[in-house]
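Let me begin by presenting the structure, written as structure tokens, before commenting on it.
Coordinate-derived values only; no laboratory data. Model, not experiment: these values are computed from the prediction. All Cβ positions, even for glycine, are placed from backbone atoms using ideal geometry, and neighbour counts span all protein chains on display.
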Amino acid sequence: MQIKGTAVKSIKDFVEKQYPNGYKNWIQSLSEESKKIFVSLIDVSQWYPIQYAAIEPTITIGKLFYDGNVNKAAYEMGRFGAQIALTGVYKVFVMIASPAYIIERASRIMTSYYQPSSIVVKEKQAKLCIVHIDKLPDKNPIIEMRIAGWISKAFEVTGCRDVKVETPKSLSKGDAYTEIVIKWQ
């Protein structure tokens, strides 16, 4: 169960940019395994163990900066990751792409961040999209919330307004898949 270095780096960048005064405290609060990852140069092309490179650091971020709301922390980190990924090199491409086009590419995007993973677009309408995730590297709500946050920001970057994201079904809660429902204006 692994997460790509690009996603790991976005966690570190998130804390450095959003909570610069709390960054050192965050690093010191991590286990030795996680601390080794975040005090070293993160290789964006490498794969890291998801527990120490994403789940534990996110739990710590939730405790330190979100009054214990780990799901909110994960969601905001997903949004941050999408903002960085989709407004850099891909900015022009994303600005002309439709939300449906972006979400159809989600399967490739997911597998470039998480191993193993699988996402399928189940339904797409003018202002609605439903995706199912039937495989995740760890059936943990933190990963589901990161993905939901990433999708939310991706839709905003493509020009959608008033984006609402819900997860009525969840692998982490024992469902057969995680369902993410996206609605927008």
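How big is the Kirkwood radius of region 22-81, worked out from every pair of different alpha carbons and given in Å to one decimal?
Value: 11.9 Å, from the Cα pair sum.
Evaluate 2.2 N^0.38 Å with N set to the residue count of the chain, then give the Cα radius of gyration divided by it.
0.98
Mind ranking 149-155, 162-168, 20-26 by how tightly packed they are, going by the mean number of other C-beta atoms within 10 angstrom, highest first?
Sorting 149-155, 162-168, 20-26 by mean packing, highest first, produces 149-155, 162-168, 20-26.
When the Kirkwood hydrodynamic radius is evaluated over all pairs of different C-alpha atoms of region 46-87, what value in angstrom, to one decimal, is obtained?
Kirkwood radius, region 46-87: 10.8 Å.
Taking only the alpha-carbon atoms of region 125-185, what semi-axes of the equivalent ellipsoid follow from 5 times the gyration tensor eigenvalues under a square root, in whole Å, largest first?
Largest first, region 125-185 gives 22, 12, 8 Å.
Using the crude model of +1 on Lys and Arg Cβ and -1 on Asp and Glu Cβ, and no other charge, please compute the dipole size for region 1-86 relative to its Cα centre, in debye to 20.
Dipole size: approximately 100 debye.
Normalised by the number of residues in region 1-155, what is the relative contact order in percent for Cα pairs under 8 Å and 6+ residues apart?
For region 1-155, the relative contact order is 29 percent.
Note down the magnitude of the dipole of the chain about its Cα centre, charges +1 on Lys and Arg C-beta and -1 on Asp and Glu C-beta and zero elsewhere, to the nearest 20 debye.
320
If you average the sequence gap of Cα pairs under 8 Å that are 6 or more apart and divide by the length of region 15-80, what percent do you get for the contact order?
Relative contact order, region 15-80: 25 percent.
What whole-number distance in Å separates the alpha-carbon centres of region 44-72 and region 2-34?
8
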